[in-house]
């Protein structure tokens, strides 16, 4: 069964590309922004909010996206 | 000229889908395909069926305008959509989707190579690859919904911007930005900063307390050090004293022994001077007294022993010894005398006891004796008054006889009196009557005589005499009876009277004996008392003599002890001084040791305070809070960076897309717009700064009219707006790279005349560079004006 998406692949690619251009120097911020994008792609705005809540509560490390990256 | 795209629609079959209850088959050719039909005939539903066939969803489903079940015709139990499409150089594929209200959805793809796939994920991925589009991109390029057209034409600038973003697929950037809200993070940071500030304050307070305690510890340690040095010096002094005290070993005991002896002897030799003459004189006085005592005690033998005694200084002790012996004998005899007196007293007590018992008995008998004597006196009184018993009995007998006689006389007198009363009455009536007793005649004189006799002989007098005699007789009888009773009583009490008399006699004798014993005891006691006084005086003299003799002996002994005591006292004073020094030093030692213990205890208390523990705890908590604060600030920083980055990305993507779309819009205007009033058209992005939201960018659609650029909505007609929006749509189609060789336009040019539409429709395929265009219209006559066109007519289902 295909995964539900909240964003088209080409736009996702474009956003990623632009994020790299904007945050190219700040690797940590870039990874974070990409993680946010990933959350949105698979769960929409609510997933992003939940992701932020998890970060806020410390259930997920701030640097986890960096580490994963 | 761009190469035409590869995927083309060939056939669509629908059944039970939206308004298509029955099966309908639509075939599509290359070039222009126009679907003509009135409102509600299924034009838009056909485009929805194509999207559903490719992606299993629709614009309305994705936005939850309706449910999947709503796709099914109201009279059907399920739907079926089949889309056949040709992929260049490969052949015709078909995708079939069947959805039943009770069985869910099934999908099949058949490839030109005879393969069939029915797994949804594989099918979706295959179709996405073949089209080069996902559903989002499809809806933003191949099949733009007319809702967007309306919003773009008539919406506000911000709505228009969001719609354009949505069509460009970059509305997600805006949504992500909005999701990256730091308000909660900042609120949490503020809370934690508050806690951190409190913890820092608490830490500072604890630090101050800790420093205070450390200062106290340092002071206590110094104080302990000083005390320990002092303690060492005192111990040293104490050792010196102990060493010196060892020289006086045994002194204390010896000193106290001598001192006691000295004090005893002092007391013994204290007082006036003692000489031998006084002792001799006292012994002479004792001899005289002893002589008197011995005579009184009738101890002639002992008295003879006193006769030859010579009292001199050299015989004093022998005389004292002899006196003691004689005095002992005198005391013994004195004791015997005393014992005899005690015996006599015992006898006296016995007799007194007997007397008491006798008197008790006599008192008990006294009522009987009293009674006897009272009876005796009463009897005597009766004899005197009535005579003896014999006289009394004779008188009683006589009175009895006389009484009987009088009673008979009285009875006769009564009878005669009654007869005479009868005769008197009868005589009064008859003048003469016969006596019923004697038969004699009684005349009227009888009545007169009767009255006179009545006066002479009174029956009442006889009866009074009888009564007096009766009383006398009763009295005498009672006296006789009482005499008998008194005699009986006297006989009964006679024995007790005898005992009483005997006891009374014995009491008199005892009283006499007691009197004699008392006299004897009094005399003996007087004598023994006198002897006792003399003996006590002799004893006192003997004691004095003995003490004086002992004192004479002790005086010599005392002089020696006095000398020794003086010497020991000197040493003892020195010893005592040393002992006092020792006690003082030991006291100081204990005091210092106590002070040291107290200080050490205070020190332990200071070091064990909870301050350090709390300091550590608060410090640890502060570290945790600061770590959390850093983490949140890092998070805030990252979120802000990300949000700013997304805002930047939004602007960049907008600008990047805008240039391409704007260029294509200008091309569409130049080639398809038949008039000259709109000189140019452009889509641009402008940025503005909002104090609350920061830097923002917005789209601006402008048209150049009369040499001046103005916002397209301000000066253009609805038809002109529709055309520009269609140009914009086409720009979106061109903006996305994909494999779709077709475009679907749902009523693209409302409010536009037929000529204008013909111009647009006939050239749109070439402008876009696609091989197939599917568009819907309500205008049937447009079809007849176009040449090689596949026209599909739809009728409204009634």
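Please treat every number below as a calculation from the coordinates, not as lab data. This one's a predicted model, so the numbers in the text were calculated from it and none came from an experiment. Backbone-built Cβ (ideal geometry, glycine too); neighbour counts: all protein chains shown.
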Considering the Cα positions of region A:9-68, please state its Rg to one decimal place and its Dmax as a whole number of Å. 11.6, 33
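Please work out how much length the chain gains when fully extended from residue B:217 to residue B:679, using 0.36 nm per residue of separation minus the C-alpha to C-alpha distance, in nm with one decimal.
Working: separation 462, 0.36 × 462 = 166.32 nm, distance 9.43 nm.
In short, 156.9 nm is gained.
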Would you compute, from DSSP H runs of 4+ residues alone, the mean residue ellipticity of the protein assembly as shown at 222 nm, taking -39500 (n - 2.57) per run and dividing by the full residue count, rounded to the nearest 500? -25000 deg cm²/dmol
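Please order B:415, B:435 by the number of other Cβ within 10 Å, starting at the fewest.
Working: B:415 11, B:435 15.
Ascending Cβ contact count within 10 Å gives the list B:415, B:435.
Output the peptides B:498-511, B:161-174 sorted from most to least packed, where packing is the average of other Cβ atoms within 10 Å over each peptide's residues.
Details: B:498-511: 13.3, B:161-174: 22.1.
The packing order, highest mean first, is B:161-174, B:498-511.
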Packing-based exposure ordering (other Cβ within 10 Å, fewest first) of B:451, B:259: B:451, B:259
Relative contact order [Cα under 8 Å, 6+ residues apart], chain B, whole percent: 28
Working from Cα positions, state the angle (0 to 90°, nearest 10) between the long axis of helix B:183-245 and the longest principal axis of chain B. 40
Could you tell me how many degrees, from 0 to 90 and to the nearest 10, lie between the Cα long axis of helix B:43-55 and the main elongation axis, the longest principal axis, of the Cα atoms of chain B? 70
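So for B:675, B:262, A:40, fewest C-beta neighbours within 10 Å to most, what's the order? Show your work: numbers first, answer last.
Working: B:675 8, B:262 19, A:40 25.
So the residues, fewest neighbours to most, are B:675, B:262, A:40.
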Considering Cα pairs under 8 angstrom that are at least six residues apart, work out the relative contact order of region A:9-68 and quote it in whole percent. 30
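Averaged over B:351-364, how many beta carbons belonging to a partner chain fall within 10 Å of each residue's beta carbon? Kindly include the intermediate steps, with their values, before the conclusion.
Working: counts 0, 0, 0, 0, 0, 0, 0, 0, 0, 0, 0, 0, 0, 0.
Neighbouring Cβ atoms belonging to other protein chains average 0 per residue here.
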Pull up the DSSP beta bridges for the protein assembly as shown and report the antiparallel fraction as a percent, rounded to 5. 70
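Classify chain B: rounded, prolate or oblate, from the alpha-carbon gyration tensor (a ≥ b ≥ c, eigenvalue square roots; a/c under 1.5 rounded; otherwise prolate if a/b is larger than b/c)?
Numbers: a/c = 7.15, a/b = 1.98, b/c = 3.61.
Verdict is oblate for chain B.
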Compute the Cα gyration tensor for the protein assembly as shown, then decide on rounded, prolate or oblate, letting a ≥ b ≥ c be the square roots of its eigenvalues: rounded whenever a/c is under 1.5, prolate when a/b is larger than b/c in the other cases, and oblate in all that remain. oblate
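Is the shape of region B:301-368 rounded, prolate or oblate, going by the alpha carbon gyration tensor and its root eigenvalues a ≥ b ≥ c, with a/c under 1.5 for rounded and a/b larger than b/c for prolate? Walk me through the numbers on the way to the answer.
Numbers: a/c = 9.29, a/b = 6.56, b/c = 1.42.
Judged from the Cα gyration tensor, region B:301-368 comes out prolate (a/c at least 1.5, a/b above b/c).
For chain B, give me the percentage of DSSP beta bridges that are antiparallel, rounded to the nearest 5 percent.
Numbers: 50 of 69 bridges.
Percentage antiparallel, nearest 5: 70.
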